[in-house]
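Heads up, the thing below is written out as structure tokens.
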There are 2 protein chains.
Amino acid sequence: MELDWLLAPPLPEAMPRQRVLYLRLREAILSGRLSPGTLLPATRRLAASLDIARNTVLFAYEQLTAEGCLQADRQGTRVASLALRPAPASSDPRPPAAALRLSARAMAAWAPEPAGEVAALPFAPGTPDYGAFPFRAWRACLEGAWRDAGWRQLGYAEHGGDPALRAALAGHLTTVRGLAVEPAQVVITSGTQAALDLCARLLADHGDTAWVENPGYLAARVAFALAGLQVHDVPVDGEGVAPSERDWCDHPPRLIMVTPSHQYPTGRVLPLARRLALLERARQAGAWIVEDDYDSEFRRAGPAPPALFGLQPDAPVVYVGTFSKTLYPGLRLGYLVLPHAIAGDFARATVQAMRPGQGIEQRALADFIRRGYYTAHLRRMRARYAARQLALRSALKAAFGPAVELSGGEAGLHLVMWLPERISDTEVVKQAAEQGLGVRALSSYTRAPMRCNGLVLGYGNLAEGTLADAVRQLARAVRSLSAGKNGAVRGRP
Amino acid sequence: MELDWLLAPPLPEAMPRQRVLYLRLREAILSGRLSPGTLLPATRRLAASLDIARNTVLFAYEQLTAEGCLQADRQGTRVASLALRPAPASSDPRPPAAALRLSARAMAAWAPEPAGEVAALPFAPGTPDYGAFPFRAWRACLEGAWRDAGWRQLGYAEHGGDPALRAALAGHLTTVRGLAVEPAQVVITSGTQAALDLCARLLADHGDTAWVENPGYLAARVAFALAGLQVHDVPVDGEGVAPSERDWCDHPPRLIMVTPSHQYPTGRVLPLARRLALLERARQAGAWIVEDDYDSEFRRAGPAPPALFGLQPDAPVVYVGTFSKTLYPGLRLGYLVLPHAIAGDFARATVQAMRPGQGIEQRALADFIRRGYYTAHLRRMRARYAARQLALRSALKAAFGPAVELSGGEAGLHLVMWLPERISDTEVVKQAAEQGLGVRALSSYTRAPMRCNGLVLGYGNLAEGTLADAVRQLARAVRSLSAGKNGAVRGRP
């Protein structure tokens, strides 16, 4: 029998001959190319004909015998008879497996969000200034954590996360955000997406309604839809989320995802009376409020609006924060703060649902906070981002006229520039992308019947040197679409 | 008006006076203790009576005014009238919010698994030998990754993960596990739990049936139940998972979670004919097979059974692996290998569902593999764990008699010691726990009507010095329950 094809080229790189021989022989048997009962050549003879060591052949025969593909009898080694050998692939009449597709919910949850590829472009929202990160201090904290690492740091995380980090964070939130938080209320997560996913699965059941803001944070929709929740859009007005009586009555929520202190992406700030009203109604509805206090660390001067969390004792509010912007996104650390009544159960359920770890990074971060690096970094970045925002505001007014409507900027890393109806934001974004800008369309955060037309302009990574150029390119993109009119744009009246 | 209580002790530690004043004043207003219209003392006077700087009072007044809690008029600063101030907490007639509980699925998904606290105890399953980890080489790789870090490593991960890691892993799986894997088929995850969770949400819809092995891996149940899947138990026999005709007909699966090469926890190895039958039936049923090839890196000498993944071209199989045991659990890196037809979509959906990151760690791991540290570490650990297993087998036979039934151990980090009915495994575990042993009851992995009675004995962290003592303590625990009979135990015939 001619078996030279067993080692015919092309041979996969970096794979031992022995493995190739084994795999090709197995495939020939499973596909039926070598039929049951076929007597194979003796190992010595096959080795000689393939010009390889006999052990190589022996190994392949042994392995395939152990697997049941070959069997030895008095004549030698034969192809075994397998009850369920599949039909040869070439003449396989079966359709491709019906299963080779994503689930319906995965396909439905698809958010029209560009990949991380644009993260480094000017105006890309949500991108911090990587260059300003205090690498030296952070790496010193990491090295310290490695030096002291024991099985607790190398193993799965404890319930709720590293105790030192929970304590450091509780202290930080108390001092800086005015929240009376105890360490036992803090649950460390691997970022905001994980936090929203946990809220969806641990606080709501399939078919429950989850409210999201419209326009709003796209990734929240994904988390809720994948968890089987009914996603209901609640409009945002000039002061933030604005549920109507019909929303409360026709779509009673189990989860209410809000960004009251700096609505994402419009930057609206929800007034206190409306915060209290929301709390009251949520309590009556038996709903959880999920308060994403994103970017609150980068507030400009002036009092921060009080978080919903802590406004009332034992209110059904979960507070969500992240280190993705204050440190770097790839770190994958964030946190939840929960009412006492549920914090312990939630922490235990988190361990079951996620099996968290990252003990080294958690310990390093605790150290980073405790040694004051975190506060110092925030202080520095607050000033830097405020300066960038001011510069961006001036440049936009210079380029588009003083009537250009900007919103947001009380906190965070982006501004919204509203556009008049006649200039489509998606068209601008398309034009701008061709010039290498990472600007995003406000309409892509918005769902019908709500209509928003504008640009979400990140300035986190917009260094002073590139700002003027970026605005000039943006103005060109907008003007090319406002066709002959003057460059002044004005959004909503 | 007497406002001295505003700064009365006890004062929270580490909180500035200004913050305490603000918080207490706000709470008094929101709770109704200070009623609407109340005129507050002038800042100078209040500062004097509290013996603090006037600016401290000014700040609190300003912040509360900005929030709408206070308002200034010609007479001074008054408590504002808030439409929706809640009733005072003390006389609050409302029941506690109905929402302050976990979701039904979170409560139902609870696995009776002990926390990470026992991970360091002798016999704790799934615990690698932390001390043997090549810290120096790993930290050198981490340092290299930090040196070269750009925004790609610090930002969110690219689709599927770091390209260098996907390539290194594909090469490793091809060479070592005989799988013909291309980098585009690899999706990096944050560990096995994340991988199972992704399979549940991205490959199955609410109400779909997921098969799990019985006894089996408890955390898989949790992932599937939290994703809204119907979990169906399929019995394990002496050769591994053994679905009956009734399982296929009455509970047609969408997901089939299996550990064919080393059943968890019994260690049974599924024969090739049954693997092929499973593939064939899964294809007919339109089901995905989720193949967890856990601990295959620690195989003892002898041919590894072929993975289901790659047995047939385009089979509906997802291959799951992790670095939790080969490196350390807290690293939180694992991977999926998918058929070409779905790999790209799955990678994109993973970015949406999880927003993965850990670019530094991914890059370091790619380097660790490429430089040969990974293979060398596996080789060393394979020998070490094999020696520990041999030692444990002898010690168990010496302590419990030569007829003691042990299973597993072809690969991995634990053995199963079967117990006769008369000795309850949960009772043994209770006794053993009192002596500081981390042994687990086989029955805790098992669901009715299946019955298994035995001990899951991890030896990953069982250094030679502690083994003899640990077995002696275990024997004492077993003997105390076999009440006067001789120490020999024998499980199933």
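The values are calculated or read from the model by the stated rules, or taken from the named source; none is laboratory data. All figures in this text were calculated on a predicted structure; none of them were measured in a lab. Neighbour counts run over all protein chains shown; Cβ positions are idealised from the backbone, glycine included. Heads up: the accessible areas ignore ligands, DNA and RNA and are worked out on the full protein's heavy atoms, side chains in. Shrake-Rupley method; radii C 1.70, N 1.55, O 1.52, S 1.80 Å.
Tally the residues that are away from chain A (no Cβ under 14 Å) and either of a type in the set (Lys, Arg) or part of a loop (DSSP other than H, G, I, E, B) (or both), restricting the search to segment B:1-45.
From segment B:1-45, those away from chain A (no Cβ under 14 Å) are B:1-9, B:34-35, B:37-45; that's our starting set.
Then keep just the ones that are either of a type in the set (Lys, Arg) or part of a loop (DSSP other than H, G, I, E, B) (or both); that gives B:1-3, B:8-9, B:34-35, B:37-38, B:40-42, B:44-45.
Looking only at that region, the number is 14.
Inside segment A:188-273, counting only helices (runs of 4 or more DSSP H) that do not spill past its ends, which hold 1 or more residues that are out of contact with any helix residue (DSSP H, G or I) (no Cβ under 7 Å at 6 or more places or on another chain) and either within 14 Å of A:Val320 (Cβ to Cβ) or of a type outside the set (Lys, Arg) (or both)? Working first, answer last.
Numbers: elements: A:192-203, A:218-226, A:245-250.
Per the criteria, A:192-203, A:245-250.
Identify, please: which residue in segment B:123-161 is at positive phi and not assigned by TED's automatic domain parsing to the domain that holds B:Thr189 and is, among those, least open to solvent (accessible area, probe 1.4 Å)?
To start, the set of residues in segment B:123-161 that are at positive phi comprises B:123, B:126, B:160-161.
Now narrow it down to the ones that are not assigned by TED's automatic domain parsing to the domain that holds B:Thr189: B:123, B:126.
Values: B:Phe123: 0, B:Gly126: 23 Å².
Of everything passing the filter in segment B:123-161, B:Phe123 is least open to solvent (accessible area, probe 1.4 Å).
What number of residues within segment B:172-200 are within 11 Å of another protein chain (Cβ to nearest Cβ) and without any contact (Cβ under 8 Å) to a residue 60 or more places away in the chain?
Total satisfying the criteria: 5.
Would you please list the contacts, defined by Cβ atoms under 7 Å and residues six or more apart or on different chains, that run from a residue in segment B:382-408 that is at positive phi to a residue that is buried (at least 19 other Cβ atoms within 10 Å of the Cβ) and among the small types (Gly, Ala, Ser)?
B:Gly408/B:Gly267
Looking at (1) out of contact with any helix residue (DSSP H, G or I) (no Cβ under 7 Å at 6 or more places or on another chain); (2) under 29 Å from B:Leu276 (Cβ atoms); (3) facing another protein chain (nearest Cβ under 10 Å), can you tell me which one B:Tyr319 breaks?
For B:Tyr319, the failing item is (3).
Determine which member of the set B:Ala398, B:Ala343, B:Ala353 is part of a helix (DSSP H, G or I) and more than 25 Å from the chain's Cα centre (by Cα).
Numbers: B:Ala343 fails: more than 25 Å from the chain's Cα centre (by Cα); B:Ala353 fails: more than 25 Å from the chain's Cα centre (by Cα).
Going through B:Ala398, B:Ala343, B:Ala353 in turn, the sole match is B:Ala398.
Being surrounded by fewer than 23 Cβ atoms within 10 Å (Cβ to Cβ) and either over 29 Å from the mean Cα position of the chain (by Cα) or under 21 Å from A:His262 (Cα atoms) (or both) is the filter here; which residues of segment A:412-435 pass it?
Across segment A:412-435, the qualifying residues are A:Trp418, A:Pro420, A:Glu421, A:Arg422, A:Ile423.
Do we find that B:Ala403 is assigned to a loop (DSSP other than H, G, I, E, B), open to solvent by 30 Å² or more (accessible area, probe 1.4 Å) and small (Gly, Ala, Ser) in this structure?
Answer is yes for this residue.
Considering only segment B:168-180, how many residues are under 26 Å from the mean Cα position of the chain (by Cα) and within 20 Å of B:Arg363 (Cβ to Cβ)?
The qualifying residues number 5.
Of the residues in segment B:63-82, how many are within 13 Å of another protein chain (Cβ to nearest Cβ), at pLDDT 85 or above and open to solvent by 70 Å² or more (accessible area, probe 1.4 Å)?
Residues in segment B:63-82 being within 13 Å of another protein chain (Cβ to nearest Cβ), at pLDDT 85 or above and open to solvent by 70 Å² or more (accessible area, probe 1.4 Å): 1 in total.
So, A:Glu421, is that one in contact (Cβ under 8 Å) with a residue 60 or more places away in the chain and of a type in the set (Asp, Glu) or not? Please lay out each step first, then the result.
Details: in contact (Cβ under 8 Å) with a residue 60 or more places away in the chain: no; of a type in the set (Asp, Glu): yes.
It is false that A:Glu421 is in contact (Cβ under 8 Å) with a residue 60 or more places away in the chain and of a type in the set (Asp, Glu).
Quick test of your reading of the structure: A:Pro41 fulfils all but one of (1) crowded, with 16+ Cβ neighbours inside 10 Å; (2) in contact with a helix residue (DSSP H, G or I) (Cβ under 6 Å, 6 or more places away or on another chain). Name the failing condition by number.
With (1) crowded, with 16+ Cβ neighbours inside 10 Å; (2) in contact with a helix residue (DSSP H, G or I) (Cβ under 6 Å, 6 or more places away or on another chain) applied to A:Pro41, the lone miss is (2).
Of these, B:Phe298, B:Phe309, which one is of a type in the set (A, V, I, L, M, F, W, C), open to solvent by 10 Å² or more (accessible area, probe 1.4 Å) and more than 9 Å from chain A (Cβ to nearest Cβ)? Walk me through how you get there before you give the answer.
Numbers: B:Phe298 fails: open to solvent by 10 Å² or more (accessible area, probe 1.4 Å).
The unique qualifying residue is B:Phe309.
Criterion first (more than 10 Å from chain B (Cβ to nearest Cβ), closer than 26 Å to A:Arg136 by Cα and open to solvent by 10 Å² or more (accessible area, probe 1.4 Å)) does A:Arg384 satisfy it? If you could, list the steps in order and put the result at the bottom.
Values: more than 10 Å from chain B (Cβ to nearest Cβ): yes; closer than 26 Å to A:Arg136 by Cα: yes; open to solvent by 10 Å² or more (accessible area, probe 1.4 Å): yes.
Against the criterion (more than 10 Å from chain B (Cβ to nearest Cβ), closer than 26 Å to A:Arg136 by Cα and open to solvent by 10 Å² or more (accessible area, probe 1.4 Å)), A:Arg384 qualifies.
Does segment A:222-236 contain any residue that is in contact (Cβ under 8 Å) with a residue 24 or more places away in the chain, more than 23 Å from the chain's Cα centre (by Cα) and open to solvent by less than 30 Å² (accessible area, probe 1.4 Å)? Full working, then the answer.
Going through segment A:222-236, the residues in contact (Cβ under 8 Å) with a residue 24 or more places away in the chain turn out to be A:222-229, A:233, A:235-236.
Retained after the next criterion (residues that are more than 23 Å from the chain's Cα centre (by Cα)): A:235-236.
Narrowing the set further to residues that are open to solvent by less than 30 Å² (accessible area, probe 1.4 Å) leaves A:236.
Among the residues of segment A:222-236, at least one is in contact (Cβ under 8 Å) with a residue 24 or more places away in the chain, more than 23 Å from the chain's Cα centre (by Cα) and open to solvent by less than 30 Å² (accessible area, probe 1.4 Å), which makes the answer yes.
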